[in-house]
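Student: Take this structure first; my questions come after.
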């Protein structure tokens, strides 16, 4: 048997090929600074060729390529997630421009009082984080955190950590954010179940990481509001990345992971946060618009289980609860109630929507390339070899999903890359396991939880947090890095606990 035959046919050879492919992917992203979506395509093509996949099967022919691994890999996931991510992005942008964040924060500060201000900031991050990307949430809420910290006379950390935990939890575990939407699409789980299990596992994780840890560390690390931020009127002009460049927050996908999104700066965020209206919308209105897609999607999930197929009520609920339809309805409500009815022209709303969608392209490219990479692993038998190995050592699939995702996240910083690569690796195991929808949703939670662990210097989100909240690298490691790790571990522990009962 030749070395190439061993790589292509022997279990040990396929496992070696898997290890080399991941190592090559990390090398291209970390050392050569190649864009992740390009690195995923290069690695996928090389693995396919080495594994013996024919050129025709890989890329098709000049006449027909629709059945090729390349096109089916990209198209299989993008048709599912592109409208969800795009509509969610537009919804968040309209809500942010309307002044809804100010209204929500102000009402919660009144409700909780001065002593409960840190918790109020946490709830604000939790609610606003559903429609708004992580980095945009920071740009919008940081000035309000500065005001709360200055009024309370206590450490900025005490107010920032609960808010950051809320934003990060919703980003990691709940649609329409790219992480859970992508994992759910790749593993074939309904969004209603992802929402249900994301809330069930995410809320305890937020309470521990944001409320408890935020209160604990906020009393021990003193960070003041900088003198040049008068209650938070200004923010750093640019966010230095790990090598001194403007920070890439993966955050074109809204995630606190690094590297897949476009560059975000405070200057770029300025026009978005500066457009404040004289009379912001009510908290009830903002909350209702956010709740519409979540309620519709959950109702469709319940209808699919509880109602007889073919009944009118079931069909209506399933139609309205289709994620893209539910988000479209929510966006239309936001356009009218937060825009047209308040005097904003359709031209201005169109401009806001167009600006918000600019970073989405990079997210979709990374997700599509990751899906192609996963398709290659499945076709070549690498995924089956990994699945067999995990079964042989007795490691539950939910634990394998978490550990693989966490390792990839720590190594290269990008949550999106960690998610799409992990989903490709565990896909054959999941497909052959006969898991129920709740179990699949818990696997999605585990993958998403692993993808946010231990944010550190290779993560653009780390640098955004450090600069916006006036912390040194050491202080950021002691606060934000630990917060993300607690959020990840508790979220996974909650998923593992629920797994035992479903």
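Readers should treat all values here as calculations from the given coordinates under stated rules, not as data from a laboratory. What you see is a predicted model, and the numbers here were worked out from it, not measured in a lab. A quick note on method: Cβ atoms are made from the backbone with ideal geometry, for glycine too, and the neighbour counts reach across all protein chains shown.
Student: Looking at the square roots a ≥ b ≥ c of the eigenvalues of the Cα gyration tensor of the stretch 1-160, which shape do they give, rounded for a/c under 1.5, prolate if a/b is larger than b/c, or oblate?
Tutor: prolate
Student: Rounded, prolate or oblate: which fits the stretch 361-420, taking a ≥ b ≥ c as square roots of the Cα gyration tensor eigenvalues, rounded meaning a/c under 1.5, else prolate when a/b beats b/c?
Tutor: oblate
Student: Further question on the same structure: So what's the gap between the Cα centers of the stretch 48-110 and the stretch 393-416, to the nearest angstrom?
Tutor: 21 Å
Student: OK, next. Checking the a/c ratio against 1.5 first, then a/b against b/c, what shape does the Cα gyration tensor give for the stretch 330-489?
Tutor: oblate
Student: Also, I was wondering about something else. Arrange 64, 467 by Cβ neighbour counts within 10 Å, fewest through most, would you?
Tutor: 64, 467
Student: To make sure I understand, if each residue's beta carbon is the centre and we count other beta carbons within 10 Å, what order do 146, 159, 435, 402 fall in, fewest to most?
Tutor: Least to most surrounded, the residues fall as 435, 146, 402, 159.
Student: If you line up the long axis of helix 415-433 against the longest principal axis of the chain, both from Cα atoms, how many degrees apart are they, to the nearest 10?
Tutor: Roughly 50 degrees, rounded to the nearest 10.
Student: Separate question: Taking only DSSP H segments of four or more residues, each worth -39500 (n - 2.57), what value at 222 nm results for the chain once the sum is divided by all its residues, to the nearest 500 deg cm²/dmol?
Tutor: -22000 deg cm²/dmol
Student: Where does each of 421, 72 land when they are ranked from fewest to most other beta-carbon atoms within 10 angstrom?
Tutor: Result, fewest neighbours first: 72, 421.
Student: Now a separate question. Would you please state the base-10 log of I(q)/I(0) at q = 0.18, 0.21 1/Å for the stretch 403-447, with intensities from the Debye formula using one equal scatterer on every alpha carbon?
Tutor: -0.52, -0.67
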